[in-house]
Amino acid sequence: MIFCEKGRAATLLTKNHPWILQPQFLVLESLMLNAPSEGFAMGFTMKRKPWGNAGSNIYAGGKGVVAEYQTQARNVLGEPLQVCCTNPITGFFRTGKCETGPQDTGVHVVCAEVTEAFLAFTRQQGNDLSAPMPMFNFPGLKPGDRWCLCAARWKEAVDAGTAPPIVLASTHEATLKYIPLEVLKEHAIDE
């Protein structure tokens, strides 16, 4: 349910996913509703107030809620952040990009092309990314899929010798707080 009108601050509440949109920083720009054959879709675009520090698009679907932070996200090369993967849809906010925000405590910012060695490694660490989880609309990953990984887990994989290759153009600049650019470049497939 959305409580707002055009030009006003908005709050989005859903049954299973309450989102805090920092209404002091955002105003509603547009609203779109439609009813595809499976469930429903609802979207609205938020615009930054001149003094705000966030801007976002929120999409609510019959199977869950996705928030896309459309700030001026940059990659580790200082350029605009590129899409990592949309099939399967990745990113903490399930936008296809390795965007991050305060809710992303795992810091899912490294765009990696997963390998069998990495999938086995992360499974041993207690996070089986190859297992499908239909309740989250997650098909499970297979070697060759691209996925936004937690910076700390990717660094652990580097230390263990099982780090998958990464896409620098799609790896968020927040990664640099955890891993030096030189190390990232050693594992890059796009440079």
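The values are calculated or read from the model by the stated rules, or taken from the named source; none is laboratory data. The structure displayed is predicted, hence computed values, not measured ones. Here Cβ is always computed from backbone atoms with ideal geometry, including for glycine, and neighbour counts include all displayed protein chains. Remember, those area values only see protein heavy atoms, side chains included, never the ligands or the DNA or RNA. Shrake-Rupley method; radii C 1.70, N 1.55, O 1.52, S 1.80 Å.
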Open item on the list: Along the Cα→Cβ direction, 7 angstrom out, place labels at residue 189 and residue 127. What is the inter-label distance in nm?
Closed with: 1.9
TODO: Calculate the spin-label point distance for residue 156 paired with residue 79, positioning each point 7 Å from the Cα along the beta-carbon direction, and give it in nanometres.
DONE: 3.1
Open item on the list: I need the shape label for segment 128-191. Rule: rounded when a/c is under 1.5, else prolate if a/b > b/c, else oblate, with a, b, c from the alpha carbon gyration tensor.
Closed with: prolate
Task: Nonlocal amide H pairs with residue 149, under 5 Å, H built at 1.01 Å - done: 109, 110, 111, 112
Open item on the list: Computing the accessible area with a 1.4 Å probe over protein heavy atoms, can you report the carbon and sulfur percentage for segment 96-148?
Closed with: 56
Open item on the list: How much length would be gained if the chain were fully extended between residue 105 and residue 117, taking 0.36 nm per residue of separation minus their Cα-Cα distance, in nm to one decimal?
Closed with: 1.8 nm
- [ ] Scan around residue 138 for amide H atoms under 5 Å from its own, H built in the peptide plane at 1.01 Å from N, and keep only partners 5 or more places away or cross-chain.
- [x] 133
Open item on the list: I'd like the accessible area for residue 108, computed on protein heavy atoms only with a 1.4 Å probe and all protein chains in place. Round to 10 Å², please.
Closed with: 50
TODO: Grab the Cα-Cα distance for residue 181 and residue 135, subtract it from 0.36 nm times how many residues apart they are, and report the gain in nm with one decimal.
DONE: 12.9 nm
